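The values are calculated or read from the model by the stated rules, or taken from the named source; none is laboratory data. Model, not experiment: these values are computed from the prediction. All Cβ positions, glycine included, derive from the backbone under ideal geometry; neighbour counts span all protein chains shown. The area values use the complete protein model at the heavy-atom level, side chains included, leaving out ligands, DNA and RNA. Shrake-Rupley method; radii C 1.70, N 1.55, O 1.52, S 1.80 Å.
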Amino acid sequence: MSETPKNPSPADLDRMSDAELVRLGTELDEVDVRFRENRWPDGVSSRSEKRAARVVTIWFALSAVLALAFAVIYIAWPWEYRGQGEDGYWLYMVYTPLLGLTIGLSILFLGFGAVQFTKKFIPEEISVQTRHDGPSEEIDRRTIVAGLNDSWKTSTLGRRKVMGGFLGASVALIGLSAILPLGGMIKNPWRRGELTIAGDGTLHTTGWTLASDTRPDGLPAEKVYLGRDTGKVYPDGHPPAGEGRLERIHVEDLSAGGLESVFPLPASALGDFEEHMHSIHGVRNSVMLIRFRPADSARVIKRKGQENFNYGDLYAYSKICTHLACPTSLYEQQTHRFLCPCHQSQFDALEYAKPIFGPAARALPQLPIAVDDEGYLVANGDFIEPVGPAFWERRS
């Protein structure tokens, strides 16, 4: 046993070396160190030690390089959507896999390096400790710090500058990689871009805004058809000229009791496959077009101020749930309810799609529709309330 006093004063603790504090800490914690041996003798540099250090350093270096690659790819890689056959399509397609591959391998290689470092450089030790309860006192805090200092010294990491540098760089870059994705959430939601078939990037616009008489870009309203997705695909990625993905819906195309998802189809984009794909991928574009049976249509309760939004027994409601923006595409014909499969919000289709069950607190916005001279369904303006989940600045 050590001659160190069992209850030293603060002055005694100040005079003790790290070795004495470590010894005191083990005794106070009732730890019996049965065996302890350094992996490599002090002051002696062998070829095997250098080889072990080189292996661990390589793992840490690879981890750091891959974490840095993740950061560079996340910031600089072209990530905007590209359809098949468009320039930059394959760069867009490999963006997410590259992010997963680089950060995954970085963490994996850091783990390999940590395991090899522990096996090759941390002293071998067998200790037995009797567990005891109680809060930590000053003596415990001082001794644990000394124990950590001792671990640092005996690990030899302090004198292995290259290995330590790559370890620090790897840990720091992996931490940075964990923070970087948060940057994608930092944006001004009211910064307007060009108004396109997917909106202008703000929360109040969709592709249907092109049909508004009060467009935010000041341009005149366009004729926007209700477009049905035909599901056409072209294996070579090159649709024939004038061949579109969306097609116009005639007023007689939807049978009584039927429901179909539709998307904005500007008259200027007829036959433009690429624009059609942008419309389908517009995050707030999808709309449910429903045709009630005559008996059910007579029971419909319309929302105040939206009495003329339907065309006969045809009604169009946003497909985007007002809870968390899931697709409310399930329709139960007997009860006339729209169902959101994510959190089971239910909306009464016969009463302006108001919520009657679940967490959603707002009715589904209704799109005003009409029929043109050729008998095709068109948007008769834009939604008059925000589409999707509620947000602070909404006006309804």
Practice problem: Could you tell me the accessible area of ASP272 in Å² (1.4 Å probe, neighbours in place), rounded to the nearest ten? | Solution: 60
Exercise. Using 0.36 nm per residue of separation minus the Cα-Cα distance, give me the extension gain between VAL300 and VAL31 in nm, one decimal.
Key: 89.0 nm
Quiz item: Can you list the residues, at least 5 places off or on another chain, whose amide H is less than 5 Å from the amide H of GLY199, using H built in the peptide plane?
Solution: GLY207
Quiz item: Check VAL371: other-chain or 5+ apart residues with amide H under 5 Å from its amide H, H built from backbone geometry?
Solution: VAL378
Practice problem: Compute the acute angle (0 to 90°) between the alpha-carbon long axis of helix 18-28 and the principal axis of greatest extent of the alpha-carbon atoms of the chain; round to the nearest 10°. | Solution: 80
Quiz prompt | Surface share of carbon and sulfur [accessible, 1.4 angstrom probe, percent] for the stretch 70-131 | solution = 65
Self-check item: Phi to ³J(HN,Hα) by Karplus 6.51 cos²θ - 1.76 cosθ + 1.60 over the stretch 326-338, Hz, x for Gly, Pro
Solution: 6, x, 8, 9, 8, 10, 9, 5, 6, 9, 6, 10, 8
Exercise. On each of the three principal axes of the Cα atoms of the stretch 332-374, give max minus min coordinate, whole Å, ordered largest first.
Key: 41, 23, 19
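For the chain, what is the mean residue ellipticity at 222 nm derived from helices alone (per DSSP H run of n ≥ 4: -39500 (n - 2.57); sum divided by total residues; nearest 500 deg cm²/dmol)? List each step's numbers first, then the result.
Working: 9 runs with 127 residues, N = 396.
After summing the helix terms and dividing by residue count, I get -10500 deg cm²/dmol.
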Quiz item: Say the dipole of the stretch 143-199 comes from +1 at the beta carbon of Lys and Arg and -1 at that of Asp and Glu; which of THR143, SER177, THR156 then lies farthest toward its positive end?
Solution: THR156
Quiz prompt | Distance in nm between pseudo-label sites at LYS161 and GLU307 (7 Å out along the Cβ direction from Cα) | solution = 8.5
Practice problem: Express in nm, to one decimal, how much length is gained between VAL55 and ASP372 on full extension, taking 0.36 nm for each residue of separation and deducting their alpha carbon distance. | Solution: 106.8 nm
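Using the heavy atoms of the protein chains alone and a 1.4 angstrom probe, what is the accessible area of the chain per residue in square angstrom? Before the final figure, lay out the partial values.
On the way: 22250 Å² over 396 residues.
The answer is 56 Å² per residue.
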Self-check item: chymotrypsin sites (Phe, Trp or Tyr not before Pro) within the stretch 160-244, DSSP loop, no more than 16 other Cβ atoms inside 10 Å
Solution: TRP190
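For Cα pairs less than 8 Å apart in space and 6+ apart in sequence, what is the mean separation divided by the residue count of the chain, i.e. the relative contact order in percent? Can you show the working numbers first?
Details: 663 pairs, mean separation 50.4, N = 396.
Relative contact order, the chain: 13 percent.
Using a Förster distance of 45 Å, how high is the FRET efficiency between HIS281 and VAL171, based on the Cβ-Cβ distance and rounded to 0.05?
Details: r = 38 Å, r/R0 = 0.85.
After rounding to 0.05, the efficiency reads 0.75.
Pairs of alpha-carbon atoms within less than 8 angstrom and 6+ residues apart define the contacts here; what relative contact order does the stretch 148-209 have, in percent?
Working: 31 pairs, mean separation 9.0, N = 62.
Taking the mean separation of contacting Cα pairs over the length of the stretch 148-209, I get 15 percent.
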Quiz prompt | Amide proton proximity set for GLY271, modelled H, under 5 Å, gap of 5+ | solution = GLY244
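Compute and list, largest first, the equivalent-ellipsoid semi-axes of the stretch 116-275 from the alpha carbon gyration tensor, each √(5λ) rounded to a whole angstrom. Intermediate values should be presented prior to the final figure.
Numbers: eigenvalues 884, 90, 75 Å².
Semi-axes from the Cα gyration tensor: 66, 21, 19 Å.
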Quiz item: In sequence order, what are the phi-derived ³J(HN,Hα) couplings for the stretch 149-155 according to the Karplus relation 6.51 cos²θ - 1.76 cosθ + 1.60 with θ = phi - 60°, rounded to whole Hz, with x for glycine and proline?
Solution: 4, 5, 5, 4, 5, 6, 6
Quiz item: Of LYS50/LYS161; LYS120/LYS161; LYS223/LYS354; LYS223/LYS304; LYS302/LYS354; LYS187/LYS354, which pairs sit farther than 21 Å apart, going by alpha carbon to alpha carbon?
Solution: LYS223/LYS354; LYS223/LYS304; LYS187/LYS354
Exercise. With 10 Å bins from zero, work out the P(r) of the stretch 151-239 over every alpha carbon pair and list the percent per bin.
Key: 13, 20, 16, 18, 11, 11, 9, 2
Quiz prompt | Relative counts (whole %) of C-alpha pair distances in the stretch 17-151, using bins that are 10 Å wide | solution = 10, 23, 21, 20, 13, 8, 4, 0
Quiz prompt | Fraction of accessible area attributable to carbon and sulfur, the stretch 178-312 (%, probe 1.4 Å) | solution = 53
Quiz prompt | Computed over the chain, Kirkwood Rh from alpha-carbon pairs, angstrom | solution = 27.1
Exercise. Please find the FRET efficiency linking ASP12 to SER45, where r is the Cβ-Cβ separation and R0 is fixed at 30 Å, and quote it to the nearest 0.05.
Key: 0.20
Exercise. Run the numbers on the stretch 243-299 and let me know its relative contact order in percent, using alpha-carbon pairs under 8 Å that are six or more apart.
Key: 45
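Where the only charges are on Cβ atoms (+1 Lys, Arg; -1 Asp, Glu), what is the dipole of the stretch 68-150 about its Cα centre, to the nearest 20 debye? Intermediate values should be presented prior to the final figure.
Numbers: 6 positive and 10 negative charges, 41 e Å.
The dipole magnitude comes to about 200 debye.
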